[in-house]
Amino acid sequence: MNVLLKKAITVGAVVSATAFSVPVFALDITGAGATFPYPVYAKWAEAYKAKTGNGMNYQSIGSGGGIKQIKAKTVDFGATDNPVAFEELEKDGMVQFPAIIGGVVPVINVEGVKSGQIKLDGPTLADIFQGNISNWNDKRIAIMNPGVKIPAGDITVITRADGSGTTAIFTDYLAKTSKLWKDAVGSGSSVKWPAASTVGGKGNEGVAANVSRVKNSIGYVEYAYAKKNNLTYIALKNVAGQYVEPDDETFAAAAAGTDWAKIPGMGTFITNAPGAKSWPITGASFILVYKNPENKANAAEVLKFFDYAFKDGKKMATDLEYVPLPDATTDFIRKNVFTKVQTK
């Protein structure tokens, strides 16, 4: 065989191999919304990309921002801790499902006080955030905490400055436990904070940073942010009259009685739940997806991502002190929610 013929065969083999090979491209999906679940979503995304090569880019901008972005169709899914009403979901052609459960935790910056040392109930916590209790030496706090040395100091209230599902969960709890708060302030993702000392922060990150910085302050964050920033949390009195501290066990106890299958759109708060071990400010974070999405391939990948998270992401969630959904709930989501999304 001459040299020219050898070259022709070699070139032909390369061309043939190229023509019949199928290129593989990574598929990246986008989401935006709640800061509450951001630590676990970031962990899931890292693991999912390592396994599949596909990325999940999530903007931690607050629940209000997530709802706006999914309605504007600039992301593949929205995330909110303030569940969207079933009627609104139907009107907009979307489905909603819970992805993870966690706890909102009142955190403080008071010198010499350790986590769990200060105990409060709902009405007292509401009075602090309403400005009716403005100093840590208030007798109502002292009566609930005999033997605890709490230094005097004017209280600075740290709240969210943006539309927030964490705020919706927190104010839902305050409204359930304090009629004074319910009548004067109410609940929702944004409220008019009444305390004169109120300082706002953007996202759970902003509230955590402000509480760390401001002496004698009190704020509220998702528990993962309290742990990450070494913030001091308070113990809370629950419906059963027990003082409990936040962790994945008390969050799970609060969520245990939720029958998601019976809730239209699966949207509900888990605040002030019954049970001796229940953390009273427990909540879920929800995902919003269009039933008939414009980008069906990306919508299919969103469902694959959360299916992976439900199956393989449980330990990652518990390591961050979140509570994975029970298998019965994730099975219901696959059969009754995922199937409503057109992916072909």
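Every number in this text was worked out from the coordinates using simple rules, so none of it is lab data. All figures in this text were calculated on a predicted structure; none of them were measured in a lab. Cβ placement follows ideal geometry from the backbone for every residue including glycine, while neighbour counts extend to all protein chains displayed.
Suppose R0 equals 25 Å; then what is the FRET efficiency for Met144 and Lys228 from their Cβ-Cβ distance, rounded to the nearest 0.05?
0.35
Calculate the translational D of the range 104-256 in whole µm² s⁻¹ from Stokes-Einstein, where the hydrodynamic radius comes from the Kirkwood formula applied to all Cα pairs, the temperature is 20 °C and the viscosity 1.002 mPa s.
Values: Rh = 15.3 Å.
Stokes-Einstein gives a translational diffusion coefficient of 140 µm²/s.
Given the chain, what percent of its DSSP beta bridges are antiparallel, to the nearest 5?
65
What aspartates and glutamates could a cross-link reach from Lys304, if we take a straight Cα to Cα line under 15 Å and drop same-chain neighbours fewer than 8 places away?
Lys304 reaches Asp28, Glu46, Asp76, Asp312, Asp331.
In whole Hz, with x marking every Gly and Pro, tabulate ³J(HN,Hα) for the range 249-265 from phi via Karplus 6.51 cos²θ - 1.76 cosθ + 1.60, θ = phi - 60°.
Running phi through 6.51 cos²θ - 1.76 cosθ + 1.60 with θ = phi - 60° gives 6, 6, 5, 5, 4, 5, 7, 4, x, 7, 9, 4, 5, 9, 9, x, x Hz.
Which value, in debye to the nearest 20, describes the size of the charge dipole of the range 104-256 about its Cα centre when Lys and Arg Cβ atoms bear +1, Asp and Glu Cβ atoms bear -1, and nothing else is charged?
Taking the Cα centre of the range 104-256 as origin, the dipole is about 280 debye.
Under a Cβ-only charge scheme (Lys and Arg +1, Asp and Glu -1), can you give me the dipole magnitude of the chain about the Cα centre, in debye to the nearest 20?
It comes to approximately 560 debye.
Counting only Cα atoms, I'd like the Rg/Rh figure for the range 33-148, Kirkwood definition for Rh.
Using only Cα positions, Rg/Rh for the range 33-148 is 1.13.
Scan around Gln59 for amide H atoms under 5 Å from its own, H built in the peptide plane at 1.01 Å from N, and keep only partners 5 or more places away or cross-chain.
Correct list: Gly31, Ala32, Gly33.
Which links in Lys182/Lys227; Lys49/Lys227; Lys73/Lys296; Lys43/Lys314; Lys149/Lys215; Lys114/Lys149 stretch past 18 Å when you go from one Cα to the other?
Over 18 Å Cα-Cα: Lys182/Lys227; Lys49/Lys227.
Amide H of Gly153 versus every other amide H placed in the peptide plane: which residues, excluding those fewer than 5 positions away on the same chain, fall under 5 Å?
Those lying under 5 Å, H to H, from Gly153 are Trp136, Asn137.
Work out the charge dipole of the range 104-256 with +1 on the Cβ of Lys and Arg and -1 on the Cβ of Asp and Glu about the Cα centre, then indicate which of Val157, Ala235, Gly186 is farthest towards its positive end.
Farthest towards the positive end: Val157.
Take the Cα gyration tensor of the chain, multiply each eigenvalue by 5, square-root it, and list the three semi-axes largest first, rounded to whole angstrom.
The three semi-axes for the chain are 46, 21, 18 Å.
Amide H neighbours of Val337 under 5 Å, at least 5 residues apart or on other chains, H built in the peptide plane: list them.
Distant-sequence amide H within range of Val337: zero hits.
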